[in-house]
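Asks: Below you will find the structure I want to go over with you.
The values are calculated or read from the model by the stated rules, or taken from the named source; none is laboratory data. All values derive from a computational prediction rather than experimental measurement. Here the Cβ is made from the backbone with ideal geometry for all residues, glycine too, and neighbour counts use every protein chain on show.
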């Protein structure tokens, strides 16, 4: 009787040890998979957002150019410009404010990993606003 209990104890102990080792290996494997998956997702998001950053930099440059034009135009207009010109000028300045907010929004979208389609749509809308602000500038300056 004592031998069978001892044999049963050894078998049970060995089984529990094997199951414990397997669970530890599965846990390590699962943690490794999650870590590698997260890292590869992070890398792919960074790579795909690279072109968005480049396009955003181009839009920022265009915005800075048109903003500088408006600042120079404001100096040329002086303190008492024609009311129609001043109204048109203010419309252009409002467009510039909208563009600035759009640029900040796009920057946040890129940082938060928003879809490429949404970012491209917002970039195109911002480019159109820059074109409109440029047209308003040309209307005043021309």
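Asks: Of everything in region 107-132 that's modelled with pLDDT under 90 and crowded, with 16+ Cβ neighbours inside 10 Å, which residue is farthest from residue 62 (Cα to Cα)?
Replies: Out of the qualifying residues, it is 114.
Asks: Of the numbered conditions (1) surrounded by 11 or more Cβ atoms within 10 Å (Cβ to Cβ); (2) without any contact (Cβ under 8 Å) to a residue 60 or more places away in the chain; (3) assigned to a helix (DSSP H, G or I), residue 68 fails exactly one; give the number of that condition.
Replies: If we test residue 68 against (1) surrounded by 11 or more Cβ atoms within 10 Å (Cβ to Cβ); (2) without any contact (Cβ under 8 Å) to a residue 60 or more places away in the chain; (3) assigned to a helix (DSSP H, G or I), just (1) comes out false.
Asks: Let me ask another. Answer yes or no as to whether residue 85 is modelled with pLDDT of 90 or more, within 41 Å of the chain's Cα centre (by Cα), farther than 26 Å from residue 107 by Cα and assigned to a helix (DSSP H, G or I). Don't jump to the end; show me each part of the working.
Replies: Numbers: modelled with pLDDT of 90 or more: no; within 41 Å of the chain's Cα centre (by Cα): yes; farther than 26 Å from residue 107 by Cα: yes; assigned to a helix (DSSP H, G or I): yes.
Considered against the rule, which asks whether it is modelled with pLDDT of 90 or more, within 41 Å of the chain's Cα centre (by Cα), farther than 26 Å from residue 107 by Cα and assigned to a helix (DSSP H, G or I), residue 85 comes out as no.
Asks: So the check is Cβ under 6 Å with 6+ separation or different chains; which pairs have a first residue in region 103-126 that's free of Cβ contacts under 8 Å to residues at least 24 places away in the same chain and a second one that's in a helix (DSSP H, G or I)?
Replies: So the pair list comes out as 109/119; 122/106.
Asks: Cβ-Cβ below 6 Å, separation at least six or inter-chain, first residue in region 89-102 and under 15 Å from residue 128 (Cβ atoms), second not in a helix (DSSP H, G or I): which pairs?
Replies: Taking only residues 6 or more apart or on different chains, not a single pair turns up.
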